[in-house]
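Before any comments, here is the structure.
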RNA sequence: GGUCCGAUAGCUCAGUCGGUAGAGCAAAUGGCUUUUAACCAUUGGGUCCCAGGUUCGAGUCCUGGUCGGAUCACCA
C-alpha cells in the first residue's frame, strides 16, 4: 500500500520526515496516536474551549487586575510576587481545567521546563510543562478510563492478567511534539512572571499529529493561490500569525456569518418566512445571465443551475406567502473577477402590498441593523475611504449621469438631452471618448480634458447608430456615474425596456419602478415594484425573445408556467435581491470576492492533473 | 483575450557588473526549571519554474513556454 508521501499527496522533506519519526516514537509511548475523544472540563458552564476560558468572567477579572498592576510598573519590571500570589490563589479556586488545542509554535523548551501556546482556532492559551510534575497519558486507557476502567475490569478478571502499560512521562511526550500538533492538558491556571495567563500542566495527552509544517508565524501564507485553494491552511495561518494587518481570515468569515444570521433575524422579526426553491430548474429564468447546464438521466432532460430564484418566489406570493425570502446560492456561467464568482450568495425577498419606495426604506433598515450587529458600527473603512451606512442617497439615473458628466461651458447639457435622440448620440460619442485612455509609459494612461473629450466625442457619435436610446442611457451611467457612487446610493428611474420584470411608473410609462443600490461603484442590490399583469409580462417576455433572436444570449427566456401563475392573480408587491458576498467585501475591507468565499473557484491544480493523467497512462 | 509584475532551501525573502548559492524562521544534536517572534552552540538541507540560445562561464542577459498575481474589457 502506498503511503501518502509515496503517493505524492504530501511532499516529503526533512520537516515531514522528522514529524513522521516523532509520530512513530509517540505510538510506542502512548499507543493510539489518533484517539477518539478528549473530555474537556466545564468550569465555564459547558465544554471549556480556550476561547470560553479566556472570556470567562472570573478569569477576565484576574487578567485585568494583573494588567492594571503591570501598568504601574517600570518597563521590564516584573509583577510583584505578593500581587501575583494573591491572583494565582483566585485562579486556583476555579479548580483544574482540561483544555485542548493545536500547538501554535514549536515548544520553547528550557532544559527541564517548557512553554507553548495552544489554540482553539480563535484564541490561544499558554501551557507550562515541567519535567518533574507532568504525567503522560496512554491513549488506550485515556483520561477517564485511567480512573474507572481498571476497577470495572478487575472485578471480572484477575489483576495479574491485565496488561497495563506503564504511564509515559509527560515530558517524554512533550519532547516529541511539533508545531501544529493537537494536545489535551489537565492542570491549574496561573499567571507567569510576565503576567500571562497559563495552564500549569499536570497531565498531558497527545491527541493528533500535524505531519505538515505550520505556515510561517510571522508572515502567514504569502501565496494567494494557496490561501484560497488550501483555505484550511490559510485559517490555521491566520490564527497563528503573531501580527496581522486588518482582519484575520477567520474574522472575515465570522463577520460574514454574523451578517447573514442578523439578516435572517431581521426578516423573521418582520414576518418573513424562509423558503427553498429549486436550484436545478428546467429553465434558467429570473435574470439575464448565461446558465450552467446539466442533464438528469432518469427524466432525460437538461436542467439549469438557477441564475436567480426570482420567479419561484413570486409564484409563492401568488400562493399566499405575503412575505417570503430565500438566502442561498445562484450560479452564473460567466467570467471570474474581483467581484464575480460562478456561484454567489443572494438574498431575495418579496413583500406583498409594498412598492419600490417602501422596499428602499426597508432595505435601508435591514442593512443598517445587520451591519451594526456584525461590525459594531455603521461606518466602515473600505480601501482607505469611509463608507457610511447611515445615509442612503436616492437619485435618478439621468441625474446621476448629469452629475458626473464632464462638461464645458460652451455646451450646457440638461435633462432635455436625454429625450433627444440626436443629442443622446452626441453624449454617447463623449462616453466613447471618455472611455479611451491615452496609454503612457507607466501603463496607467492619462485622461483627456473635458474639452478634448467633447471634441473627440462629437466625431465619434457617428459610430453609435446601432445603440438604442435606453441602452445609451445605461452606457452613459456605467461610464460616468457608476465608478463615482462610493457612498450607498439608490439609483432610481430605470428605462422600462431593460427591466422586463418590473412594473412601470404610474407617472411615466417608459420608466420602470426599479432601483439598484450602488456602494463603492459596485452594484449591491436590485429591486423593483413587481410586474404582476400576466398579459404585460407575456408581452415583455416576447420582447426579450426578440432580443435573444437578435443575438443577445442574455435576454430572458419565456416562462409559460410563470405567466399561468400570474394569471391566478398576484398581489401588488415589491422585491429585492442583495448580493451578500459583495456586502461582506465592503464590511471586511476585502478587495476580492474570493477573500469572502471560503472555497472560491480556481483553475484545477496543475500538478495534480498531470500526475493523475500519468497514473492513468501507466495502468 | 490585452497590458504590467512575479517564480531562488519546508516557509518568508536577499542575491550588486555575468564569475564558488545566502539570511531569518523551521528541522536535527547538545545546553538552559517563568519563556513571549525565548536564547546559546553545532549540523544537515537547493532541478535557482521549464526548454532553448548568447558566453570560457548564466540564478543574473536573450527567445519561447508553464504557473500565479494585479489591471482593463463582458457579466451581479
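Here, each number is a calculation from the coordinates, and none is a lab measurement. None of the values given here were measured: they were computed from a predicted structure. Reconstructed Cβ throughout: ideal geometry from the backbone, glycine too, with neighbour counts over all protein chains shown.
Label residue A:602 and residue A:5 with points 7 Å out from Cα along Cα→Cβ: what is the distance between them in nm?
Simple spin-label model gives 2.5 nm for this pair.
Need one number: nm distance between label points at residue A:375 and residue A:484, each 7 Å from Cα along Cα→Cβ, rounded to one decimal.
2.4 nm
Using 0.36 nm per residue of separation minus the Cα-Cα distance, give me the extension gain between residue A:243 and residue A:70 in nm, one decimal.
That pair, residue A:243 and residue A:70, stretches by 60.1 nm at full extension.
Starting from 0.36 nm per residue, how many nanometres of slack lie between residue A:560 and residue A:16 once their C-alpha separation is accounted for?
Values: separation 544, 0.36 × 544 = 195.84 nm, distance 6.11 nm.
Result for the pair: 189.7 nm of gain on full extension.
Evaluate the distance, in nm, between pseudo-label points positioned 7 Å from the Cα of residue A:231 and of residue A:567 along their respective Cα→Cβ axes.
For residue A:231 paired with residue A:567, the spin-label model returns 4.4 nm.
Determine which residues of the stretch A:317-350 fall in the zone a paramagnetic label at residue A:296 would reach in this model, i.e. backbone nitrogen under 18 Å from the point 7 Å along Cα→Cβ.
Under cut-off, by backbone N: A:331.
Taking only Cα atoms, what is the 0 to 90° angle, nearest 10, from helix A:356-375's long axis to the longest principal axis of chain A?
With rounding to tens, the tilt is 20 degrees.
Can you give the FRET efficiency for residue A:508 and residue A:276, using 1/(1 + (r/R0)^6), R0 = 25 Å, r = Cβ-Cβ distance, to the nearest 0.05?
0.10
If you line up the long axis of helix A:606-618 against the longest principal axis of chain A, both from Cα atoms, how many degrees apart are they, to the nearest 10?
Result, in degrees: 80.
Once every DSSP H run of n ≥ 4 in chain A is given -39500 (n - 2.57) and the sum is divided by its residues, what mean residue ellipticity at 222 nm do you get, rounded to the nearest 500 deg cm²/dmol?
-11000 deg cm²/dmol
Suppose we take every Cα in the stretch A:319-359 and form the convex hull; what volume per residue is that in Å³? Mind showing how you got there, number by number?
Values: hull volume 4.3 nm³, N = 41.
Considering the Cα atoms of the stretch A:319-359, their hull volume per residue is 105 Å³.
By how many degrees, 0 to 90 and rounded to 10, does the Cα axis of helix A:81-93 deviate from the longest principal axis of chain A?
Once rounded, the angle reads 80 degrees.
As an exercise, find the ratio Rg/Rh for the stretch A:502-554 from alpha-carbon atoms, using the Kirkwood inverse-distance average for Rh.
For the stretch A:502-554, the value is 1.06.
Alpha carbon centre of the stretch A:52-81 versus the stretch A:546-603: separation in Å?
Distance between centres, Cα-based: 52 Å.
What's the extension gain from residue A:383 to residue A:24 if we count 0.36 nm per residue and subtract their Cα-Cα distance? Write out the running numbers ahead of the final one.
Details: separation 359, 0.36 × 359 = 129.24 nm, distance 4.92 nm.
Difference between extended and current length: 124.3 nm.
Please provide three numbers in whole Å: the alpha-carbon extents of chain A along the principal axes, with the largest listed first.
Answer, in whole Å and largest first: 99, 69, 55 Å.
Could you compute the FRET efficiency for residue A:80 and residue A:41, with r as their C-beta to C-beta distance and R0 at 30 Å, rounded to 0.05? Can you show the working numbers first?
Details: r = 30 Å, r/R0 = 1.00.
Once the sixth-power term is evaluated, E becomes 0.50.
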